[in-house]
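J.: This is the structure, below, for whatever I ask next.
What follows is calculated from the coordinates using simple rules that are stated; it is not laboratory data. Predicted model, so just to flag it, every value in this text is computed and none were measured. Every residue, glycine among them, receives a Cβ derived from its backbone with ideal geometry; neighbour counts consider all protein chains shown.
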Amino acid sequence: MANPTEMELSPTSESPAPATETLVLGGGCFWCTEAIFTRVRGVVDVENGYCNGHVKQPSYEDVCTGDTGHVEVVRVVYDPVEISVQQLLGIFFSIHDPTTLNRQGNDVGPQYRSGIYTTMAEQERVAKEMIADLEQGRIFTSPIVTEVQPLANYWPAEEYHQDYFEHHPEQSYCAFVVGPKVEKFRKHFVKLLKPGA
């Protein structure tokens, strides 16, 4: 049997996984938001889902009624060494209209409301400070209505909603709504793009 001291000093084959953090964002249809954040440097996973409603395990059809209280969101898992909360929120505020209540373009209903759903106190602080700065700087012509709340009652969306733009780029909504948003992001956030994105 090996000496316990020797075992402790032996190098391990597995190195510890880098620490990641999670931020959940609602900016209208999750197909658009997902397509953009999957291309962001430092983002290691993006999942479409529903959060902050009062029904357990809601379906897309349930959420679309507007009666469950849920928001269509993306759960963004990121490496804080590579990208900051400030940078993620900078992208978020540039890719949707945070001044329209329960609406993004032709998508209307409380499930499309603008929201930042936090998993740690620092994210909440940064989000509220950024909103205050945007308001003070009069970046938008109307007041920001983005809600900032702790994440609650999160459920992943159905499998067919995941990576939707990647699988259906020719679908009409993707071609006319998602695609142009992705191109705008690529143009304005070159330094935050993943290689090849």
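J.: Pick from Ala127, Ala121: which is of a type in the set (Gly, Ala, Ser), touching a residue at least 12 places away in the same chain (Cβ under 8 Å) and closer than 18 Å to Val76 by Cα? Walk me through how you get there before you give the answer.
T.: Values: Ala121 fails: touching a residue at least 12 places away in the same chain (Cβ under 8 Å).
Unique residue meeting the criteria: Ala127.
J.: Before we move on, is Gln57 within 22 Å of Phe189 (Cβ to Cβ) and either polar (S, T, N, Q) or part of a helix (DSSP H, G or I) (or both)?
T.: Judged against the criteria, Gln57 is not a match.
J.: What is the number of the single condition among (1) touching a residue at least 40 places away in the same chain (Cβ under 8 Å); (2) out of contact with any Gly (no Cβ under 7 Å at 6 or more places or on another chain); (3) not β-branched (Val, Ile, Thr); (4) not in a helix (DSSP H, G or I) that Arg138 does not meet?
T.: (1)
J.: Could you list, in sequence order, all residues of segment 157-171 that are in contact with a Gly (Cβ under 9 Å, 6 or more places away or on another chain) and part of a loop (DSSP other than H, G, I, E, B)?
T.: From segment 157-171, those in contact with a Gly (Cβ under 9 Å, 6 or more places away or on another chain) are 157, 161, 165, 169; that's our starting set.
Once the filter is applied, which keeps residues that are in contact with a Gly (Cβ under 9 Å, 6 or more places away or on another chain) and part of a loop (DSSP other than H, G, I, E, B), segment 157-171 yields Ala157, Pro169.
J.: Can you tell me which residue is nearest to Tyr160 (Cα to Cα) among those in segment 58-91 that are among the polar types (S, T, N, Q) and surrounded by 15 or more Cβ atoms within 10 Å (Cβ to Cβ)? Even if it seems obvious, please write down each step before you answer.
T.: Initial filter on segment 58-91 (among the polar types (S, T, N, Q)): 59, 65, 68, 84, 86-87.
Among the residues that remain, those that are also surrounded by 15 or more Cβ atoms within 10 Å (Cβ to Cβ) are: 68, 87.
Details: Thr68: 21, Gln87: 29 Å.
Result: Thr68.
J.: Under the condition of being in contact with a strand residue (DSSP E or B) (Cβ under 9 Å, 6 or more places away or on another chain) and in a loop (DSSP other than H, G, I, E, B), which residue from segment 141-156 is surrounded by the most Cβ atoms within 10 Å (Cβ to Cβ)? Even if it seems obvious, please write down each step before you answer.
T.: Applying the first criterion (in contact with a strand residue (DSSP E or B) (Cβ under 9 Å, 6 or more places away or on another chain)) to segment 141-156 yields 144-156.
After this cut, where a residue has to be in a loop (DSSP other than H, G, I, E, B) as well, the list is 144-146, 151-154.
Details: Ile144: 17, Val145: 16, Thr146: 24, Leu151: 19, Ala152: 12, Asn153: 16, Tyr154: 18.
The extreme case among them is Thr146.
J.: Just name the residue that is surrounded by the most Cβ atoms within 10 Å (Cβ to Cβ) out of those in segment 158-190 that are without any contact (Cβ under 8 Å) to a residue 40 or more places away in the chain and charged (D, E, K, R).
T.: Residues of segment 158-190 without any contact (Cβ under 8 Å) to a residue 40 or more places away in the chain: 159-160, 167-172, 175-176, 179-180, 183, 187, 190.
Now restrict to residues that are charged (D, E, K, R): 159, 170, 183, 187.
Numbers: Glu159: 8, Glu170: 7, Glu183: 10, Lys187: 8.
Only one residue tops the list, namely Glu183.
J.: Hey, could you check segment 172-197 for residues that are outside any helix (DSSP H, G or I) and at negative phi and say which is farthest from the chain's Cα centre (by Cα)?
T.: Filtering segment 172-197 for residues outside any helix (DSSP H, G or I) gives 189, 193-197.
Narrowing the set further to residues that are at negative phi leaves 189, 193-195, 197.
On the way: Phe189: 16, Leu193: 15, Lys194: 16, Pro195: 20, Ala197: 17 Å.
Result: Pro195.
J.: A follow-up question, please. What's the total number of residues in segment 29-42 that are touching a Lys or Arg at 6+ places or on another chain (Cβ under 8 Å) and crowded, with 21+ Cβ neighbours inside 10 Å?
T.: Looking only at that region, the number is 4.
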